[in-house]
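Colleague: Quick one: structure below, then a few questions.
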Amino acid sequence: MQKFFFSFLLLLSGAALAQDEYSGQGQVSLEFRQFEKDQSELTEDTNISIFSRIEQRYKSDPFEHVFRGYARVDKKDQNRSFVALEDAYFSAFLAEEYKILAGYKLFNWTATEAFHPADVINSRNFDSNLENLEKKGELTIEFEVPFFNGAMAFYYFPRFEEPEYPGERSRLSSVTLQRSVVVDGTDYTTNEYWTNQYGFRLTQVIMDADISLHYLNHIDRNMPLVGTTNYTTILGSLTPLTSQVTPYYYRKTQVGGTYQQVFGDLILKLEFAHRTFEQDTKVLTAKSAVLKSQGAGAYETKFIENHTEAAFGLEYVMSLPGGIDGNFFLEGNGIFGVDEVERQERSTFQRDIMVGFRLAFNDVMGSEIYTTLITDIERDSEYLINFKYSRRLSDNWKFDGGIRIIEAPQKNPAIKEGLEVLDGDSYIFTNLTRYF
Amino acid sequence: MSIKFLPLLTIISLFFAHPALSKETPEQKGLRIAKMTRDMNEGFKGETAEMEMTLIDAYNAKTVREMTSKVMEDDKEGDKSLMVFLNPKDVKGTKMLTHSHKNDDDDQWLFLPSLRRVKRISSRNKSSSFMGSEFSYEDLGSQEIEKYNYKWIKDGKTKSGEKLWILERVPKKKSGYSKMVMYVSQTKNNPVKIDYFDRKGELLKTATFSDYKVYKIGNKNIYRAHKIHMKNIQTKKQSIFSWKNRKLGVDHKDRDFDTRSLK
């Protein structure tokens, strides 16, 4: 159905070709990634895929139509092959000022580079880069009005978009998951993806600062409880009646915001979100490593604890000899209001620091180096290093390649947690892209 | 005093009150000329253009960059501009929004189309190269006169006999240059040449402004150069900025220049 819709919109977009204010662009990339060997016959250590993205935009003031989507076809891992809509919407300005929009839309509410507590609208593809996961468009109705030096936007989201998970042959997969289940109050059996979700966002530019505040009531997309609701109690012990595990996504209310301010060569970035989850339904999950070490049972029933997540960032901009531009990044994040066990279950990045550096050589070919180190300050010996080099080959061709090193030795032989799931899954990658 | 002497007295007092005719320092004269040329260039309301930038390396190899721009005049605070990159294709759709300020650093935002992200950037680092060219962001950014100290050096003439004011311009705040020497046409009220001196005081680049066209906006004639040829004296590299389909007097909407317009 989604593929049909994608094709239909592509045709619709093509109809706008003859218009004056039409713009189109796209890319086709040959992607290659090679993981370090894991001695397992069940997973693919090599991925070769074709990634394509197309964007078309037609503007005839006050109306605008935008379409963008991407597709990936992997030669070795069929589960990596999928099509995603990012934007497919129509918008119009009413009475010059009031904007109304309907369709699929990609949001980016983040202020920082690596940690994104405020940027939670879109579902992600969890088989992409951890700190910048690919997104899927969200079906949206939006009404935006100007307000002082910014705008107020009201949102209605009628549908839960299911996140993409790595398949069983992916090195980034820890367990094969069933279709995602939406937990809406006490309802988790109908598993209806059509549901009422809504939100509000205020953005303001005040002198050198950009400020945003938001309120959301929607089905969470980033912190599922993985387990089952199909269980029983045998001799006082909780026992699952199925070996299949399912991600359960709970309805939550989120109040959050972002702040960015320029101080000369320094940019300060802040991002926060307080999340209140509906707690009417409990899911049977495997107990955490800490509880297991204390001799408790293998399973427990639970819901998601309310918590606050915050991130800060500093970006320092500098000019280096030879016309080179440098950007130095320092960022950190934390989940607060819950204990260490809950924190570690909620996110891979629960108390982490990122140090990064970007060098733009400002040459004709736009050569650039970007490297980051993310390390966990709560859990020992966990770090993620990313190094990427990119360079244009011509006006239309670009090459990028690099390495991602993931180190997170398993601390408890009974269970892998957080980044431990990806320990030993370091890989090198190259992408050759033709833009058009 | 008889009332018949009043017109004569008025003329005499106006004569001595006019700053151009009283004794003024080179700094005062430089600032006066800068203000006068600014006033002559104001009133364009809004501008749209397609731009092409040709990069020429020391071996004469050429690369072309393309972009479009919109400018909205704001004589209270500073102009607002939006630049959209079209070529090379990997940066197509990248937008840069600038809100200029007369006495403060400009506000700048970059829209990264692949991430759909609007990112605030620091405008302080103006000496960086613009898209790998010999132009820096400072060369292409707002040229509000409040940001510089001016000094008149002398009057001059071009080879074709066009009268010039030769001014020295020194940035008040952090800059990639120690000074600029401007050769300003007295008829076009715009530069025909600017020499840029690096922080060590050595000649770094020379920009030549040509292909001037005149636009009639209301009762004003406003000149705009359609070609700027920047030569880097030290590296021998060159860049040529040229304009096509330029329109002045365009009525832009405020919403075309707020951060919402970037998405």
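The values are calculated or read from the model by the stated rules, or taken from the named source; none is laboratory data. Everything quoted here is computed from the prediction, not taken from an experiment. Note that each Cβ is placed from the backbone with ideal geometry, even for glycine, and that neighbours are counted across all protein chains shown.
Colleague: Could you list all residues from the stretch A:345-370 that are among the aromatic types (Phe, Trp, Tyr) and free of Cβ contacts under 8 Å to residues at least 60 places away in the same chain?
Modeller: Scanning the stretch A:345-370 gives A:Phe357, A:Phe361, A:Tyr370.
Colleague: Mind listing just one residue for me: the one in the stretch B:64-82 that is without any contact (Cβ under 8 Å) to a residue 24 or more places away in the chain and in a strand (DSSP E or B) and, of those, farthest from the other protein chains (Cβ to nearest Cβ)?
Modeller: Here the residue is B:Ser69.
Colleague: Take the residues of the stretch A:361-381 that are within 18 Å of A:Ser426 (Cβ to Cβ) and at pLDDT 90 or above: which is nearest to the other protein chains (Cβ to nearest Cβ)?
Modeller: A:Tyr370
Colleague: A further question follows. Give the stretch B:139-173 a look and list any residue that's within 21 Å of B:Ser81 (Cβ to Cβ) and of a type outside the set (A, V, I, L, M, F, W, C), or say none.
Modeller: Of everything in the stretch B:139-173, those that are within 21 Å of B:Ser81 (Cβ to Cβ) and of a type outside the set (A, V, I, L, M, F, W, C) turn out to be B:Asp139, B:Gly141, B:Ser142, B:Gln143, B:Glu144, B:Glu146, B:Lys147, B:Tyr148, B:Arg169, B:Pro171, B:Lys173.
Colleague: Quick check on my filter: what residues within the stretch B:85-126 are more than 27 Å from A:Gln204 (Cα to Cα) and more than 10 Å from every other protein chain (Cβ to nearest Cβ)?
Modeller: Those that are more than 27 Å from A:Gln204 (Cα to Cα) and more than 10 Å from every other protein chain (Cβ to nearest Cβ): none in the stretch B:85-126.
Colleague: How many of the residues in the stretch B:229-249 are touching a Ser or Thr at 6+ places or on another chain (Cβ under 7 Å) and surrounded by 16 or more Cβ atoms within 10 Å (Cβ to Cβ)?
Modeller: Number of matching residues: 5.
Colleague: Whether any residue in the stretch A:211-225 is modelled with pLDDT of 85 or more, within 14 Å of another protein chain (Cβ to nearest Cβ) and more than 30 Å from A:Lys76 (Cβ to Cβ) is what I want to check. Give the derivation first.
Modeller: Of all residues in the stretch A:211-225, those modelled with pLDDT of 85 or more come to A:211-225.
Remaining after also requiring within 14 Å of another protein chain (Cβ to nearest Cβ): A:211-212.
Next, only the ones that are more than 30 Å from A:Lys76 (Cβ to Cβ) stay: A:211-212.
So far as the stretch A:211-225 goes, yes, one or more of its residues are modelled with pLDDT of 85 or more, within 14 Å of another protein chain (Cβ to nearest Cβ) and more than 30 Å from A:Lys76 (Cβ to Cβ).
Colleague: Determine, yes or no, whether B:Met53 is under 23 Å from B:Trp243 (Cα atoms), over 17 Å from the mean Cα position of the chain (by Cα) and either more than 8 Å from chain A (Cβ to nearest Cβ) or not small (Gly, Ala, Ser) (or both).
Modeller: The answer is no for B:Met53.
Colleague: Also, I was wondering about something else. Out of (1) under 27 Å from A:Leu270 (Cβ atoms); (2) touching a Ser or Thr at 6+ places or on another chain (Cβ under 9 Å); (3) of a type in the set (D, E, K, R), the odd one out for B:Asp90 is which?
Modeller: Unmet for B:Asp90, out of (1) under 27 Å from A:Leu270 (Cβ atoms); (2) touching a Ser or Thr at 6+ places or on another chain (Cβ under 9 Å); (3) of a type in the set (D, E, K, R): (1).
Colleague: Considering the stretch A:387-436 alone, what residues qualify as being part of a loop (DSSP other than H, G, I, E, B) and among the charged types (D, E, K, R)?
Modeller: A:Asp395, A:Lys411, A:Lys416, A:Glu417, A:Asp423, A:Asp425
Colleague: Kindly indicate whether A:Pro146 is touching a Phe, Trp or Tyr at 6+ places or on another chain (Cβ under 6 Å), surrounded by fewer than 19 Cβ atoms within 10 Å (Cβ to Cβ) and of a type outside the set (S, T, N, Q).
Modeller: Here the answer is no, as A:Pro146 does not meet what is asked.
Colleague: Tell me the residue from A:Ala111, A:Ala118, A:Ala84 that is of a type in the set (A, V, I, L, M, F, W, C), outside any loop (DSSP other than H, G, I, E, B) and either surrounded by 23 or more Cβ atoms within 10 Å (Cβ to Cβ) or within 20 Å of the chain's Cα centre (by Cα) (or both), please.
Modeller: Matching residue, one of A:Ala111, A:Ala118, A:Ala84: A:Ala84.
Colleague: Moving on to the next point. Please enumerate the residues belonging to the stretch A:373-385 that are in contact with a Phe, Trp or Tyr (Cβ under 7 Å, 6 or more places away or on another chain) and more than 21 Å from A:Met223 (Cα to Cα).
Modeller: If the condition is that a residue be in contact with a Phe, Trp or Tyr (Cβ under 7 Å, 6 or more places away or on another chain) and more than 21 Å from A:Met223 (Cα to Cα), then A:Leu373 is the only one that fits.
Colleague: Would you confirm whether any residue within the stretch B:127-147 is more than 14 Å from every other protein chain (Cβ to nearest Cβ), among the basic types (Lys, Arg) and touching a strand residue (DSSP E or B) at 6+ places or on another chain (Cβ under 7 Å)?
Modeller: Checked the stretch B:127-147: at least one residue is more than 14 Å from every other protein chain (Cβ to nearest Cβ), among the basic types (Lys, Arg) and touching a strand residue (DSSP E or B) at 6+ places or on another chain (Cβ under 7 Å).
Colleague: Every residue in the stretch A:371-386 that is more than 18 Å from the chain's Cα centre (by Cα), in contact (Cβ under 8 Å) with a residue 24 or more places away in the chain and in a strand (DSSP E or B), please.
Modeller: A:Asp376, A:Tyr383
Colleague: Turning to a different aspect of this structure: For the stretch A:28-46, what are the residues that are in a strand (DSSP E or B) and among the polar types (S, T, N, Q)?
Modeller: So in the stretch A:28-46, the residues in a strand (DSSP E or B) come out as A:28-35, A:46.
Residues satisfying the conditions are A:Ser29, A:Gln34, A:Thr46.
Colleague: Sort out which residues of the stretch A:102-132 are facing chain B (nearest Cβ under 10 Å), in contact with a strand residue (DSSP E or B) (Cβ under 6 Å, 6 or more places away or on another chain) and not basic (Lys, Arg), and write them in order of number.
Modeller: Taking the stretch A:102-132 as the starting set, the residues that turn out to be facing chain B (nearest Cβ under 10 Å) are A:105-111, A:113, A:119, A:122, A:132.
From the residues that got through so far, the ones that are in contact with a strand residue (DSSP E or B) (Cβ under 6 Å, 6 or more places away or on another chain) too are A:105-106, A:108, A:111, A:113, A:122.
Within the stretch A:102-132, A:Leu106, A:Asn108, A:Ala111, A:Glu113, A:Asn122 qualify.
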